[in-house]
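Notes to accompany the following structure.
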Amino acid sequence: MQNFSYYNPTRILFGQGQIAAIAGQIPAGAKVLVTYGGGSIKQNGVYEQVKTALAGYQWLEFGGIEPNPRYETLMRAVDVVKREGVDFLLAVGGGSVADGTKFIAAAACFDGPEPWDILAKHAEVKAALPVGVVLTLPATGSESNTFAVISRESTGDKLAFGSEHCYPRFAVLDPQTTFSLPSRQVANGIVDAFVHTLEQYMTYPVDAPLQDRLAEGILHTLIEVGPHTLAHPQDYAARASQVWSATLALNGLIACGVPQDWATHMIGHEITAEYQLDHAQTLAVVLPGLLRNRHEEKRAKLLQYAERIWGVREGGEAERIEAAIAATEAFFESLGVHTHLSLYGVKDAAQAPQKIAARLEAHGLTQLGEHGHITPAIVSEILATRI
């Protein structure tokens with residue numbers, strides 16, 4: 001097991017009715033900006049719960065944060081923060097709202113010439129406004145980590161940043177707030193959490209058996225409850241397990257002491273920017289091809305995955321590895337999340353390998369994966385199998 005440090009200050013408020021508890025988490029006298037997305041929180045009762053919880057505070061709201069939060073939109077929120085003297089941000093929504101709100105928090109305190117530099121030039125985030133999250137869509141784990149992915153409409157870029165200053169102070173995880181989600185969003189969330197886990201698990205052995213078992217526990221839980229919660233969206237127990245799995249998949253715990261990959265995510269971001277596919281859809285497209293392409297480097301963990309997750313114990317090594325990858329594809333497809341670009345109606349799918357490789361090259365993402373061996377040329381090879 002490799003050396004590591006682990007720090008996560010996010011307080012989790014889990015369960016029914018926990019939105020009411022946010023009043024005890026926000027400093028008295030704080031001026032709060034509530035951020036949200038398209039407005040579904042005003043139809044499902046979440047907005048009213050937040051409004052009641054904030055009765056003792058001065059607060060205002062900023063809606064319209066997109067599923068792939070746009071820099072241009074977020075900078076309008078930064079203007080509101082500065083103009084109104086806001087000193088606490090409350091994100092109410094899914095991972096995109098949480099991501100966007102983290103960026104607002106950092107950009108509002110940024111002392112450089114252009115807040116986009118936080119993403120494009122990795123400018124240091126020296127301070128950020130405090131953030132709390134009321135989660136309504138379990139997927140990204142953004143409610144309990146430092147990371148955010150932001151798009152810029154004017155340039156077509158989709159870039160990520162992370163800073164310990166952007167850890168949410170608290171996160172409310174009430175599974176009931178997710179009951180009204182469309183099935184597509186639920187399925188995407190399951191795939192997202194599954195691939196987050198694999199990015200930290202599917203590398204190479206480092207004598208970290210507990211970390212492996214923690215990751216495997218998340219994978220097994222998602223396989224078990226994913227289809228059930230899609231079919232029975234009002235089943236509190238199943239949805240609670242899905243919500244908690246998504247948080248644990250990317251709150252830093254299973255990453256401790258192990259190598260990480262993240263190439264699937266980097267490639268997926270470029271596919272979203274180019275073709276506007278949902279984030280989880282891009283992951284479902286890329287991952288199987290990447291595992292097949294990198295099967296030699298990942299051989300030991302692929303065989304472990306085949307046996308422990310899918311129960312594949314018979315046949316030669318190559319046969320077992322292929323069976324595990326095929327089972328992963330079948331799992332994604334069973335959720336309604338397709339694994340090939342053409343199934344999403346991408347008209348120039350045949351050009352995708354070259355286009356995505358060129359985008360990665362332009363962004364300097366030329367040594368991806370746990371070993372840094374995945375070049376744009378290899379990405380092109382991977383995507384040629386995913387059309």
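In region 142-155, which residues are out of contact with any strand residue (DSSP E or B) (no Cβ under 6 Å at 6 or more places or on another chain) and modelled with pLDDT under 95?
154, 155
Select, from 303, 291, the only residue that is of a type outside the set (Gly, Ala, Ser), buried (at least 21 other Cβ atoms within 10 Å of the Cβ) and assigned to a helix (DSSP H, G or I).
Checking each option against the conditions leaves just 291.
What is the residue count in region 361-381 for residues that are in contact (Cβ under 8 Å) with a residue 40 or more places away in the chain and closer than 22 Å to residue 295 by Cα?
10
Which of the strands (runs of 3 or more DSSP E) contained wholly in region 11-85 include at least 3 residues that are within 30 Å of residue 120 (Cβ to Cβ) and of a type in the set (Val, Ile, Thr)?
Fully inside region 11-85 and qualifying: 31-35.
Hey, any hits in region 330-339 for a residue that's touching a residue at least 12 places away in the same chain (Cβ under 8 Å), part of a helix (DSSP H, G or I) and over 30 Å from residue 230 (Cα atoms)?
no
Report yes if residue 24 is within 24 Å of residue 167 (Cβ to Cβ), small (Gly, Ala, Ser) and at pLDDT 95 or above, otherwise no.
The answer is no for residue 24.
Of everything in region 106-141 that's touching a residue at least 12 places away in the same chain (Cβ under 8 Å) and part of a helix (DSSP H, G or I), which residue is nearest to residue 72 (Cα to Cα)?
107
What is the one condition in (1) assigned to a helix (DSSP H, G or I); (2) surrounded by fewer than 19 Cβ atoms within 10 Å (Cβ to Cβ); (3) in contact (Cβ under 8 Å) with a residue 60 or more places away in the chain that residue 351 does not satisfy?
(3)
If a residue has to be buried (at least 24 other Cβ atoms within 10 Å of the Cβ) and out of contact with any strand residue (DSSP E or B) (no Cβ under 8 Å at 6 or more places or on another chain) to count, how many in region 94-116 make the cut?
Residues flagged as buried (at least 24 other Cβ atoms within 10 Å of the Cβ) and out of contact with any strand residue (DSSP E or B) (no Cβ under 8 Å at 6 or more places or on another chain) within region 94-116 amount to 3.
Does residue 60 satisfy being surrounded by fewer than 21 Cβ atoms within 10 Å (Cβ to Cβ), in contact with a helix residue (DSSP H, G or I) (Cβ under 8 Å, 6 or more places away or on another chain) and over 26 Å from residue 239 (Cβ atoms)?
So residue 60 fits the description; yes.
Any chance region 328-336 includes a residue that's aliphatic (A, V, I, L, M), at pLDDT 95 or above and surrounded by fewer than 17 Cβ atoms within 10 Å (Cβ to Cβ)?
Within region 328-336, one or more residues are aliphatic (A, V, I, L, M), at pLDDT 95 or above and surrounded by fewer than 17 Cβ atoms within 10 Å (Cβ to Cβ).
For (1) of a type in the set (D, E, K, R); (2) under 26 Å from residue 156 (Cβ atoms); (3) in the same structural domain as residue 155 (by TED's automatic domain parsing), each residue gets a yes or a no:
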| position | (1), (2), (3) |
| --- | --- |
| 68 | no, yes, yes |
| 76 | yes, yes, yes |
| 88 | no, no, yes |
| 100 | no, yes, yes |
| 107 | no, yes, yes |
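Would you tally the residues in region 306-333 being closer than 16 Å to residue 193 by Cα and either out of contact with any Asp or Glu (no Cβ under 9 Å at 6 or more places or on another chain) or aromatic (Phe, Trp, Tyr) (or both)?
Total meeting the criteria: 5.
For region 250-262, state whether one or more residues are in a helix (DSSP H, G or I) and either touching a helix residue (DSSP H, G or I) at 6+ places or on another chain (Cβ under 7 Å) or among the polar types (S, T, N, Q) (or both).
No, region 250-262 contains no residue that is in a helix (DSSP H, G or I) and either touching a helix residue (DSSP H, G or I) at 6+ places or on another chain (Cβ under 7 Å) or among the polar types (S, T, N, Q) (or both).
Go through 221, 282, 272, 197 for me and flag whichever is closer than 30 Å to residue 1 by Cβ, touching a residue at least 12 places away in the same chain (Cβ under 8 Å), in a helix (DSSP H, G or I) and under 14 Å from the mean Cα position of the chain (by Cα).
Only one candidate qualifies: 197.
Look through 167, 204 and report the one residue that is of a type outside the set (Val, Ile, Thr), crowded, with 19+ Cβ neighbours inside 10 Å and either in contact with a strand residue (DSSP E or B) (Cβ under 6 Å, 6 or more places away or on another chain) or touching a residue at least 60 places away in the same chain (Cβ under 8 Å) (or both).
The conditions single out 167.
How many residues are of a type in the set (D, E, K, R), more than 16 Å from the chain's Cα centre (by Cα) and within 21 Å of residue 278 (Cβ to Cβ) if we restrict to region 116-173?
Going through region 116-173 one residue at a time, the tally reaches 3.
The values are calculated or read from the model by the stated rules, or taken from the named source; none is laboratory data. If you're wondering where the values come from, they're calculated on a predicted model, not measured in any experiment. For neighbour counting, all protein chains shown are included, and Cβ atoms are generated from backbone atoms with ideal geometry for every residue, glycine included.
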